[in-house]
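Just so it is clear, none of the values below were taken in a lab; they were calculated from the coordinates. This one's a predicted model, so the numbers in the text were calculated from it and none came from an experiment. Backbone-built Cβ (ideal geometry, glycine too); neighbour counts: all protein chains shown.
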Amino acid sequence: MTTAMKLLIVEDDREAAAYVVKALTEAGHVADHAADGLDGYALASASNYDVLVVDRMLPKLDGLSLIGRLRAEGATTPVLILSALGQVDDRVDGLRAGGDDYLTKPYAFAELLARVEALARRGAAGAGDTVYRVGDLEIDRLSHTVTRAGQEIVLQPREFRLLEYLMRNAGQVVTRTMLLENVWDYHFDPQTNVIDVHVSRLRSKIDKGFDKPLLHTVRGAGYVIRDGAR
Amino acid sequence: MTALGKLLRTTAFRLALAYLVVFATLSVVVLAYVSWHANALIAAQLNATVNAEITGLAEQYRQGGIRKLVATVEERSNRGAGTLYLLTTFAGDVLAGNVVGLPDAALAEQGERELPYQRAGEAAVAPYPAVVRVFVLPGGYRLLVGRDTEERERLSGVIANAVQWSLALVVVLGLAGGVFVARRVLNRIDAMTDTVRGIMAGDLSGRLAVTGLDDEFDRLAQATNAMLDRINELMAGLKEVSDNIAHDLKTPLNRLRNRAEAALRDARSEDDWAGAMERVIADTDAMLGIFNALLLIARAESGGARDQLAPVDLADIAGSVAELYEPLAEERGVALVVETPEPIQALGNRELIGQAVANLIENALNYGGSNGEVRVTAHGEGDLARIVVADRGPGIPDADKARAMDRFVRLDTSRSRPGSGLGLALVSAVARLHGGALTLADNEPGLRAVLTLPIQAQALPPPAPPALPAPSAGAKAAE
């Protein structure tokens, strides 16, 4: 369902990089690997990638400088920063340096994949559209109305934003942390399954009473809204 | 460095030397001034005496001619008393007087001069110095009147002596004083240095001696001792923390290992394997959560996130986090009541405060009892904001309240429930990072966790010392 992406992984831990490249290939993408900042910079400037995955601490040229150089040359390729540093303040530095998303190590591969796919589609998926549609579910961002099969569904403001985010990424897996970040704008890690409860509430409103469920749980990864099972 | 070299190199001794030079110079200048003035005064007196004498003799000569003068000069010459007289003809023959041995040219001209002389009738000894005045009378007679200046010379000698002695005294007393003070200082400093070396060598119980004189050294020693006490406290806290970390991370690691081992031994089917691996991943994630919480606490306590403070709305944070937990509360049959009447603007880190409020709400939901009520309120009062999370559960006994905020403390009542034991420690660290405090109060019944944060930007204190041993101590200090 997702189109194949061309990715560059800049990571000095060869074992971790090999695992990520292999897993990305299995997910249907093409991934190159660079082991240090200078190689990564050379590869990134030489060919067109859909998304760059850049580790923060790299030999020869650190990740943030690498991103800075690419941005200075006008490259707009989305960048996901990987970092073993803390979450709270280093994230701000990373995003300020030109990164588009930030993921702390260690991470689940599903999380990496979901974020990379979201980044790749960010430009393409008509973020400016006022109406998103998935199957017979429709969300109008201007009038703040949701209908399914012509039937209006009343949602709380936060449920509306949750659905809006899921539908903007229709067909894409979004993880719990992505939901927390994009819908609530928090990056911390709740101990309990708060997000799951929100999603199951939303699900009961949009899927209950309809034959075909649209909001699916992807085991070990997160949620996806799509028409029909893959 | 020799003991003497060390002594001479002390600041005290160098200061003493500097004062010595200053006082010696001063005493020489004062004595020179006194001696110059005394000389001038004595010279003036001598002149006045000689002049008066001459005026008197001139009067005699005018009244009674040379005979009368000779008689008077002879009479006065025999009186002694240090005045010199000599009356000669123009050819130099002595008519009267008490002076001999004058240089030949002495009487040639009229005027005032200083001469050596000898006294008539005395054995020839070294000539005495004198100030004389020569007067040429009509008829070629020459009259000399003079005054012995030995007194003046003697005074000069006295003054010169005084200069020498006072200089010697200043130098001796100055050096002795310098050595005394320097040795005193050196002894105190040496004692302190020895103690400090001992402490560096590992004797952490060592303390600087306080003499009770309440001087500058005592104050330094007291301050240093207080610092050492604080360092000891921190080290004890650090040790406790690392012990806790070792224990609380080893436990889940051990569990993880057991699980993997059990899977290796018992798993028969694909499903068994998958299930075991999932549990292993879940365990790993839980441990990562502990690591992250620890790092976050460390970051908050070191004040590292302080420069990331930005204007935030505390009411909005409390409200949005409460809203995040609202469905969960409902699922558990707990009423989550949110009361944030108005925006509260403050400087803060939205992520950290959000995490803190989330931890408090999770605690309330986990330990606040079922079918209860959790009330989340945010109010600004003056320059303080209070975010309160209150539940209706069993609460925390007073004795355990301070301890509950320590790292890895899991009160007995919560042992059986999930959690890392870091939740309240993190909230407390976040509060202190913002210059506020976390207090646990009684909600009668239940627990009332109050997160107090300063509102005004100026209210942010300089980085508080990290209260490692007991976060509660820091919280108390911040109140």
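Miscellaneous remarks
- Only helices enter the 222 nm calculation for chain B: every DSSP H run of n ≥ 4 contributes -39,500 (n - 2.57), and dividing by all residues gives -20000 deg cm²/dmol, rounded to 500.
- Pairs of C-alpha atoms in the stretch B:11-153 farther apart than 21 Å represent 51 percent of all such pairs.
- Based on DSSP H segments of at least four residues, each scored -39500 (n - 2.57), chain A has a per-residue ellipticity at 222 nm of -11000 deg cm²/dmol.
- Among B:Met227, B:Met277, the ranking by other beta carbons within 10 Å of each residue's beta carbon, starting with the fewest, stands as B:Met227, B:Met277.
- Here the label points at B:Ala108 and B:Asn225, each 7 Å from Cα along the C-beta direction, are separated by 8.9 nm in the simple model.
- Burial ordering of B:Tyr19, A:Tyr165, B:Tyr325, B:Tyr33, fewest other beta-carbon atoms within 10 Å first: B:Tyr33, B:Tyr19, A:Tyr165, B:Tyr325
- Sum of side-chain charges, B:Val131 neighbourhood, beta-carbon under 10 Å (Lys, Arg +1; Asp, Glu -1): +1
- Degrees separating the helix B:314-331 axis from the principal Cα axis of chain B, which is the longest one: 20 degrees
- Pairs over the 28 Å Cα-Cα cut-off, from the set A:Lys22/A:Lys105; A:Lys105/A:Lys212; A:Lys60/A:Lys105: A:Lys105/A:Lys212.
- Backbone N atoms of the stretch A:140-184 closer than 17 Å to the 7 Å Cα→Cβ label point of A:Thr130 belong to residues A:140-147.
- The protein assembly as shown pair-distance distribution - Cα-Cα, 20 Å bins, rounded %: 13, 29, 19, 9, 8, 10, 9, 3, 0
- Normalising by residue count, the stretch B:276-384 has a Cα convex hull of 129 Å³ per residue.
- B:Ala260/A:Met57 FRET efficiency (R0 25 Å; Cβ-Cβ; nearest 0.05): 0.25
- Spin-label pair B:Thr193-B:Val34: with each label point 7 Å from Cα along the Cα-Cβ axis, the two points sit 4.3 nm from one another.
- Over the C-alpha atoms of the stretch A:79-230, the Rg to Rh ratio, Rh being the Kirkwood estimate, stands at 0.97.
- Each Lys or Arg adds one and each Asp or Glu subtracts one; over the other residues with Cβ under 13 Å from the Cβ of A:Ile81, this totals -1.
- Here each label is just a point 7 Å from Cα along the line to Cβ, and for B:Thr211 and A:Phe109 those points are 7.5 nm apart.
- Alpha-carbon geometry of chain B: the Rg and the Dmax are 51.1, 163 Å, given in that order.
- Between B:Thr2 and B:Asn47, residue separation times 0.36 nm minus the direct Cα-Cα distance comes to 10.0 nm.
- Antiparallel DSSP beta bridges within the protein assembly as shown, as percent of all bridges there, nearest 5: 75 percent
- Gap separating the Cα centres of the stretch A:146-197 and the stretch B:239-285, nearest whole Å: 32 Å
- Neighbour-count order for B:Glu351, B:Glu278, fewest beta carbons within 10 angstrom listed first: B:Glu278, B:Glu351
- Placing a label point 7 Å from the Cα of A:Gln151 along the Cα-to-Cβ direction, the residues of the stretch A:198-230 with a backbone N closer than 11 Å are A:205-212.
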